[in-house]
Structures are given as C-alpha cells and as structure tokens.
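See structure below.
The values are calculated or read from the model by the stated rules, or taken from the named source; none is laboratory data. Remember, predicted model here, so these are calculated numbers, not experimental data. Here Cβ is always computed from backbone atoms with ideal geometry, including for glycine, and neighbour counts include all displayed protein chains. Ligands, DNA and RNA are excluded from the accessible area calculation, which covers all protein heavy atoms including side chains. Shrake-Rupley method; radii C 1.70, N 1.55, O 1.52, S 1.80 Å.
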Amino acid sequence: MKLFDLLKRSAAKFPGRTAVIDDACEITYAKLLSNTEQLSKYLKSAGCRPGVKVAVVLPNSSAYFVGFFAISACGATIVAMSSKMTVYEAAGFIKRADVSLVLTEKTFADNLAEQLGNKEQISIVTIEQNSDGVLKIGIFIQRCPKVDSDNSDVALMVYTSGTTGQSKIVMLTDDQLISNMFIYKAVMDFEMPNVVYCSLPLHHIYAICAQVLTHISCGDTFIAMNRPFFIKDFFKAVQNHKVTITAFVPYMAILMAEYSQPNQFDLSSLKYITLSGAKTPKHVYQKLTNAFDHIKFINTYGMSEAGSRISIAAPEPAEFPVESVGKAMPSVAIRITDNRGEVLPAKHIGQIEVKSSGVFKGYFNQPKLSKGMIVSGWLKTGDIGKLDTQGNLYLVGRKKEMIICGGENIFPAEIEETLLENPSVREAAIIGIPDDRLEEVPCAFVVPGDSFCSETDIINFCRKRLSSFKVPRKVFFIEQLPMLGTSKINRRKLKDIALDKLRIDK
Amino acid sequence: METEKKPFTNRTEILKTLEKILVPWLDDKTKPNEQTNLLSDLGLDSVAILQLVLGIEKEFSVTIKDSELDSDVFSKLANLIDVIEGKLK
C-alpha cells in the first residue's frame, strides 16, 4: 500500500466532500484526486519512478497535497522541504538529498534555478491551482532523473537532527508511515468527520503523520494556512469553518493560554488539540484545560526516526499525569537506558529508546550512523526521559544539540557552517538560549578573524542566507571557544557565559 | 506610571520609524509603503513577527496584545500604522 492509496480510498468513499480549503481555492476529494493523477501522469512521463527523489517545496496549500500524493502515486520518493528556506538553503539541501526534480511555485523556481546554476542535473516544475481548483503545471527545467535503486522502497525523506552535527535525512517507507498512522488513528478514536486546521508547516513529520496522512485517510477537511500563526486567526477559523482539531507546538499553546478574550469567538466545534514538538509547560497546560474545558488537549511525543508518533496521552477515560507525554502507543515499546546501554527501572532518568514497526530505514547516505542509532532493534532517540511505574513517559531533556525555536528545529552545525563562510569569522558556535514564548532562540559565539565585523554585520550576513528563525538573536565575540577534549565544543559552558552576559545586560 | 510616549505626530513619521525596524527584512531594492504586505512581500514568518512586534513596542513605547494582532494587520503596512496610531492617541 502506498501513501497515495490513502487518498484514493477516501476519494472513492467521499468524492463530494471538501478536502482542502486554502487562500486561493476549495477543492473536493474528487478534484484533489484528479489533480493528483494529472500531475502524477506528467511526473511519470518525466521519468519519475521508484528510486527517484522529488522535492516538494510548497507552502501549506491544496497544491502541497497534490504534489505530495502525486509523487507517491508514481512510486517516487517525496522529499519534504520547508517553503520558508532561502534559495541558498534549499539548493544545498537539494544537492545533499540527491533530488532529481523539484515541485515548487513560480517565484521560487526563478531564484532556485539561478542558485543551482546550469551544472546541476535537476528538473524544476511549478504547480499552481486557480480559484476553480484547475491545476496548471509549468515545466521550468526538464532533465533526466537519477534512480537510486538501493532506496527505491523509500516513500518519504525528511530532515532531522540526529544526535549531533548537521541535519540528517531520515528515510521512511510506506509501510513504516502507514502502520504508525493507523495505530495513532486507532488510539485517538476520533469522532468523525473532522475539520483540521493546518498551521504547522506541512513538511514537519508531526504534521505529515498526525495531520496529512491521518486525516486524508479519514476523508476529513483541511484548512491549509499559509501564513504565520496568529491565535486570533485560529479562533476566527474555528468559528467560520467549524474546526474540530489542530496540532500545536508549545508556543502556539502559550498564545492560546494567554489570550485575554477567547469568549468573543464561538469555539464550540473544537474537540481536540494535540501538543507536540517539545514539552508544553505544565502551567500552560493547566491554564488551557481550565479555560477550555470542552477541548481535549492531548500531549504526544514523536520523532522522525520513529516514523513519527511514539507515545500519547490518550485515549480517555484513562487519566495521564499532566507532566507526562502519555504511554507508548500500541505496538510501540519504550525503555530507558543508561550510558552503558543497561535498561533502567521506573523513575530513573536516562536515554529514551523505542522499538516499533515505524522505526526508520536509515539516514540517507550515512549507513554507519544509521547502524549506530538502532541496536538490537531499539532506536536510540537521543532524548532524555523517565518512565513511571504505570508506564507514563516524561521528557527531561535532549541529548541532542538541536535547538527548538517556535516549533522549528535548528541544527547548530548549519548556522555554524554559514558563519564560517564569512571571512571575518575564524570560529563559530551556536547555542540555544531560553525565550519565554519561542522556548529557545539561537545565539552565536564568534572568534573573530583578521578583519573587523560587528554583531549587526554577522546578523545581516546570516539574514541573507538563512531562514529567519535560524538567524542568531545575539552574537558574542570571544577569544577562544571552550572545548571538551580536542574537538568537541563545550556548549554547556557557552550557555552559562551567554546567560551570565544576558543577565548583566538586563 | 505611564511611560513617556515619543511625539509621532503623523503617519509619515510612524512609517519612517517602521522602516528602520523593518531593515533586517528589507532587501536593497525594497522601499516599504503603506500598501506593502509584510507577509507576502517581505515574507515575515512567526518568529519575525514576534521580533517586529517587540521592536514596535520598544520604539513607540506602546504595548500590543495578541488579541489586537491577526494576519489582516500585517497584510498592509497601513493597517499596522492604524494600530500604532490608535495607541499613540
């Protein structure tokens, strides 16, 4: 079974039901399927088949759904990329993921073609839908695609942090994604049909699994939001479209908890809000459950390498401690281990390990690293946590260097590499510093080179090359980076220095 | 105690100050005007919006609540100027 079959089944069952509403159009399941088949036909004619990697660089929109499922329909691999990437970031990622064809919008295609240059054997195809939902395919550059026969079973590639260093590209098969999605759906035991508010970027594994795959298979309606998240927009959409479910990361939950006049909106249709991406603060969770007692706020935990969902604080009537992220989903096993890999008893803190049918195939082009991540079938998540005697999981921290800013994952190495391209920078390190709303924001430590540069110069340099959430909020100049041994930067020490300096500045 | 507000007497002055706050998101060619769409023309995302609002609060000595903000406010610079102007009255 392919991801595309989920759409095909729902379109057969509910052809007239609205599938996606976005700023430009509203399309039914029948139209979504016919547009998907139209694009898939073109992609096949352009050589897309199993083993060919096709990137979808589109904002949250009905066109995103068409692109996503059309790639699956021709058996190729979907490479999910952020539409917020700068062309500089996108071109680097496209080369690293060995993408053959990019599906995107016209404006991005122009800039991307220029950035990639003529040497790259990469096709660029634009797609757009008019207000009647008519699909227009634009062939910008067409070249012969490459086939990666070792990975012809891979349905989806998403980027993630791994435990250290640069972002990794996770490979997941149809079976892994579909089995995880069906378990999630069974646990959630939704009242149907649902209207799903999609504000999280649809390239996130959380959104792909908990929203796109789950609700396409239910034949639900999506409200695809292609704009920054405003809590007032969300409340208006709930009222106007009778939204029943959405997925939040902590900063969205904080905005909802802090909103002063929610009663001016009719939120009675809203039944579920799933919370993931990082730990939602306890006081925020309590405030939400007190203020909105008709809504189920469901903590969940997952990661790309696990095919997404691992644990969930559902279903009712079971009760879950507020601080926990619930119990392991059915067919998923969780254990906690110490530094030597020994399994720890309940209430002891250690690394979270996971075993399930959803665990990934491996990282693209990094077989050694992939092998080290899975030992005897157990995936080492790199996250730190504990289990209680009832099997509830609690997140304590991350072993990873990853920074989470407003639900977006930031990999320090990527910003560090960009900084090192600046001739005024000799060495650089990125750490996360706490932020009341965004959880963390990136902060840079720079060892200057021979020429002078200011904090503003560094920030402007990054702005031209990186998405705005990755641009360091603060730059500190330092004579030497503190090290652990010979090669590892002591990030703990840098964090202490940053926090001290910021305290003094206040 | 009420904080002292800067004497922004007209929309042109507010726009000039906004231009300064918006510098990080402007390229060399873009000169914002009241019709500029901060979301589609300048591509501001959620993190950028938070930074912009903090900048506005600091420069104009005003407080803006989340309940006053939605995508319409940022769809035209004129709408954002309306919000700021309303605060300064």
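Annotations for the structure displayed:
- Inter-part distance where segment B:29-89 and segment A:54-132 are each reduced to a Cα centre, Å: 30
- For chain A, the 222 nm mean residue ellipticity estimated from helices alone, with every DSSP H stretch of n ≥ 4 adding -39500 (n - 2.57) and the total spread over all residues, rounds to -9000 deg cm²/dmol.
- Distance between segment A:1-51 and segment A:209-241 - C-alpha centres, whole angstrom: 18
- Cut-off 13 Å between beta-carbons: net charge of the residues surrounding A:Asn194, Lys and Arg +1, Asp and Glu -1: +2
- Taking a ≥ b ≥ c as the square roots of the eigenvalues of the alpha carbon gyration tensor, the protein assembly as shown is rounded, as a/c is under 1.5.
- Anisotropy class of segment A:1-157 from Cα gyration tensor, a/c 1.5 cut: oblate
- Neighbouring partner chain Cβ atoms per residue of A:225-237, average, 10 Å criterion: 5
- Among the trypsin sites (Lys or Arg not before Pro) found in segment A:115-185, those both in a DSSP coil and sparsely packed, with 13 or fewer other Cβ atoms within 10 Å of their Cβ, are A:Lys119.
- Fraction of beta bridges assigned by DSSP in chain A that are antiparallel (%, nearest 5): 65
- Environment charge of A:Glu114, counting only residues whose C-beta is closer than 14 Å and scoring Lys/Arg +1, Asp/Glu -1: 0
- The protection proxy used here, the mean number of other Cβ atoms lying within 10 Å of each residue, ranks peptides A:296-308, A:101-113 as follows, highest first: A:296-308, A:101-113.
- Net charge of Cβ neighbours under 14 Å - reference A:Asp22; Lys, Arg +1; Asp, Glu -1: -4
- Calculated log₁₀ intensity ratio I(q)/I(0) where the Debye formula runs over C-alpha points of segment A:297-354, q = 0.12, 0.14, 0.15, 0.20 Å⁻¹: -0.31, -0.42, -0.48, -0.81
- Rounded to 5, the percent of DSSP beta bridges in segment A:415-489 classed as antiparallel: 75
- Burial order of peptide ranges A:207-213, B:19-25, A:406-412 (average beta-carbon count within 10 Å, highest first): A:207-213, A:406-412, B:19-25
- The orientation-averaged projection of the convex hull spanning the C-alpha atoms of segment A:336-428 amounts to 8.6 square nanometres.
- Taking chymotrypsin sites (Phe, Trp or Tyr not before Pro) across segment A:415-506, the ones in a DSSP loop with at most 16 further Cβ atoms lying within 10 angstrom of their Cβ are A:Phe452.
- Nearest-ten-degree value, helix B:46-60 long axis tilted from longest Cα axis of chain B: 40
- Histogram of C-alpha separations across segment A:55-97, 10 Å bin width, %: 28, 51, 21
- Cα gyration tensor shape of segment A:205-295, rounded if a/c is under 1.5, else prolate or oblate by comparing a/b with b/c: oblate
- Heavy-atom accessible surface of A:Phe4, to the nearest 10 Å², is about 20 Å², with a 1.4 Å probe and all protein chains retained.
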